[in-house]
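Each remark here refers to the structure printed beneath this line.
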Amino acid sequence: MATVELRFSALPEHVRTARLVAAAVARRAGVDESVLDEVRLAVGEACSRAVGLHRLTGADGAVRVALIEEEKRFLIEVEDEAGGPRSGSDSGSGSAAGGDSDGDDELGLAVITGLVEDVEVGKGAEGALIRMSWPVSTASIGV
């Protein structure tokens, strides 16, 4: 099981880097080319949500993105360090308790659940955690 982990300051300009790295690692892990845009968009939404939660709460911590290659799945975890109860435990529901007042949080989660079949929204060690996964082809591209 190979893992790539990114940690970045909760600034919007770092979201693009996270998207590009996620797509590159997903391609290398064997995620189908037709799904790579979904991976890129879902990571962008999850990271933008984490950055927004940091701004909303005034947290100084980092956003963590873990890209995990397993035998039959490619997993991505996006966790903020904004603290506090920011997400529900219902997998794939697209709803989060304690979202921001203008609905951006719920909209972001709705976009993610529309892009990713296998998504879990829960509580991580420091804040909200979004865990997404995609199948990998049996003929994985190993470089």
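The values are calculated or read from the model by the stated rules, or taken from the named source; none is laboratory data. Since we're looking at a predicted model, the values are computed, not measured. All Cβ positions, even for glycine, are placed from backbone atoms using ideal geometry, and neighbour counts span all protein chains on display.
Structure data summary
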| item | result |
| --- | --- |
| Set 62, 66, 29, 23: member being small (Gly, Ala, Ser), under 18 Å from residue 2 (Cβ atoms) and in contact with a Phe, Trp or Tyr (Cβ under 9 Å, 6 or more places away or on another chain) | 29 |
| Every residue from region 1-17 that is hydrophobic (A, V, I, L, M, F, W, C), more than 17 Å from residue 77 (Cβ to Cβ) and either without any contact (Cβ under 8 Å) to a residue 12 or more places away in the chain or in a helix (DSSP H, G or I) (or both) | none |
| Of all residues making up region 18-47, the number that are among the charged types (D, E, K, R) and without any contact (Cβ under 8 Å) to a residue 40 or more places away in the chain | 4 |
| Checking residue 42 against (1) closer than 16 Å to residue 127 by Cα; (2) crowded, with 19+ Cβ neighbours inside 10 Å, the condition it does not meet | (1) |
| Residues that are within 18 Å of residue 71 (Cα to Cα), of a type outside the set (A, V, I, L, M) and either loosely packed, with under 15 Cβ neighbours inside 10 Å or touching a Ser or Thr at 6+ places or on another chain (Cβ under 8 Å) (or both), drawn from region 10-32 | 30, 32 |
| Count - residues of region 45-68 that are crowded, with 17+ Cβ neighbours inside 10 Å, small (Gly, Ala, Ser) and not in a helix (DSSP H, G or I) | 3 |
| Qualifying position, being assigned to a loop (DSSP other than H, G, I, E, B), acidic (Asp, Glu) and either touching an Asp or Glu at 6+ places or on another chain (Cβ under 8 Å) or at pLDDT 95 or above (or both), among 71, 126 | 126 |
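Okay, residues lined up against (1) modelled with pLDDT under 85; (2) buried (at least 21 other Cβ atoms within 10 Å of the Cβ); (3) closer than 13 Å to residue 53 by Cβ:
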residue	(1), (2), (3)
92	yes, no, no
95	yes, no, no
106	yes, no, yes
111	no, no, no
116	no, yes, no
132	no, yes, no
135	no, no, no
139	yes, no, no
142	yes, no, no
